[in-house]
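What follows is a set of notes on a single structure, which appears directly below.
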Amino acid sequence: MDLDALAGCLSSSACLVTQTTSGLIIGMLLFLVAVGLTLIFGVLKVVNFSHGAFYMFGAYFAMTAYQFTGSFALAMLAGAAGTAVLGLIFERVFMSRVYGADVLMQLLVCYAFVLIFDDVVRLIWGPEFKSMGMPSAFQVMPLFIAGGVVPPYYLLLIGVALSAAIVLGIGLSRSRIGKVIRAAAQNPGMVSALGINTGLIYGGVFALGGMLAGLAGALAAPVRSLTPGMGFSVLIESFIVTVIGGMGSILGALIGALLLGLIRSYGSLGFPLFTEGLMYLFMVIVLVSKPTGLFGKEAA
């Protein structure tokens, strides 16, 4: 425990800017993964334990596309589109067969594919650590805000994640397809009786969730090492985010992810040996005070 370092940072504008920015990029990456997880649970009522694998594939797809094209925009597109297609195939071929099954059966299927996907990555890209590297467009001098150092790439990452949050929120609340998705989450039988293909909705939602996780992986690729199994730690933290924010709540996923990112960032200063424990402690406090999460709703 180093409370002096934490206090010193809180009294320094430069340190505040640097640590807050670091917390925001952690939070935004977690949000993109967690919002897909909570969206899938909210509509399909399935806890997708293999969701972290889509984050991993998004990073590897982006790295491969960047090596071939040299364009980071195409790399992001490849990461998001590739995982959307993978998510659709995974849902239609495998997950659709365990809807309504025992939760343990669903978890076993998902966990089996966690192991399968990790081995697929080892076969294609190898077992060693890989690095995509920072795109040349962002290999520039950092920005200095109130004395704090902010790499320009961090601003892009935060901007893309925020844009995704806004588009997703508006799309689900105001568009026709968003209303159909919300109706399918509440009463799939009625939606099906109206002649709407619920299977298509479920596949689309799963693909959307996979795309968001893949986008997070693509955004993380320039700043993190790529290795088989890299999605597992992100998956655990995403579960913490959804539990804190409330299962099925997009706003809860955003607020929970930002809080968790800031806890990790500042906790690494004051409690360097207990940073992981701080996240779980915060989750326990939230659950004790509000079992449904910050924005979760009581079951009808």
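The values are calculated or read from the model by the stated rules, or taken from the named source; none is laboratory data. Predicted model, so just to flag it, every value in this text is computed and none were measured. Methodologically, a virtual Cβ is constructed for each residue, glycine included, from the backbone with ideal geometry; neighbour enumeration extends over all protein chains shown. SASA here: full protein model, heavy atoms, side chains in, ligands and nucleic acids out. Shrake-Rupley method; radii C 1.70, N 1.55, O 1.52, S 1.80 Å.
Sort L194, L157, L16, L123 by heavy-atom solvent-accessible area, probe 1.4 angstrom, most to least.
Values: L194 130, L157 0, L16 55, L123 150 Å².
The most accessible residue leads, giving L123, L194, L16, L157.
With a ≥ b ≥ c the root eigenvalues of the C-alpha gyration tensor of region 8-78, is it rounded (a/c under 1.5), prolate (a/b larger than b/c) or oblate?
oblate
Given the whole protein assembly as supplied and a 1.4 Å probe, what does the accessible area of T21 come to in Å², nearest 10?
Per-residue accessible area (T21): approximately 20 Å².
Rounded if a/c is under 1.5, else prolate if a/b is larger than b/c, else oblate: which is region 1-123, with a ≥ b ≥ c the root eigenvalues of its Cα gyration tensor?
oblate
At a 1.4 Å probe, what is the % contribution of carbon and sulfur to the accessible area of region 51-142?
71 percent
Roughly how much of D102 is accessible, in Å² to the nearest 10, using a 1.4 Å probe?
100 Å²
As an exercise, use a Förster radius of 30 Å and the Cβ-Cβ distance of F232 and I166 to find the FRET efficiency, rounded to the nearest 0.05.
Numbers: r = 29 Å, r/R0 = 0.97.
FRET efficiency, F232 to I166: 0.55.
At a probe radius of 1.4 Å, what is the per-residue accessible area of Y111, in Å² to the nearest 10?
100 Å²
What spacing in nm lies between the two simple spin-label points modelled at V284 and N187, each 7 Å away from Cα in the Cβ direction?
It works out to 4.2 nm between the two label points.
Can you tell me the accessible area per residue over region 1-73, all protein chains present, probe 1.4 angstrom, in square angstrom?
33 Å²
Would you mind calculating the gained length between L115 and M141 on full extension (0.36 nm times residue separation, minus the Cα-Cα distance), in nm to one decimal?
5.3 nm
Compare S163, S71, S265 by solvent-accessible area with a 1.4 Å probe and give them largest first, with all protein chains kept in place.
Details: S163 65, S71 35, S265 5 Å².
So the residues, ranked largest to smallest area, are S163, S71, S265.
Number of Lys pairs in the chain with C-alpha atoms less than 26 angstrom apart, excluding same-chain neighbours closer than eight positions?
Working: K45/K179; K45/K290; K45/K297; K179/K297.
Lysine pairs, 8 or more places apart or on different chains, close enough: 4.
Could you tell me which Cys residues in the chain have no other cysteine's Cβ under 4.7 Å from their own Cβ, answering none if every one has a partner?
Cys with no partner Cβ under 4.7 Å: C110.
Could you give the distance between the Cα centres of region 201-240 and region 15-92, to the whole Å?
With region 201-240 and region 15-92 each reduced to a Cα centre, they are spaced 3 Å.
Keeping all protein chains in place, calculate the accessible area per residue for region 142-244 (probe 1.4 angstrom), answer in Å². Spell out each step's value before the answer.
Details: 4420 Å² over 103 residues.
Averaged over the residues of region 142-244, the accessible area is 43 Å².
Using the Cα gyration tensor of region 82-234, with a ≥ b ≥ c the square roots of its eigenvalues, what is the shape: rounded (a/c below 1.5), prolate (a/b larger than b/c) or oblate (neither)?
Oblate, since a/c reaches 1.5 and b/c is not below a/b.
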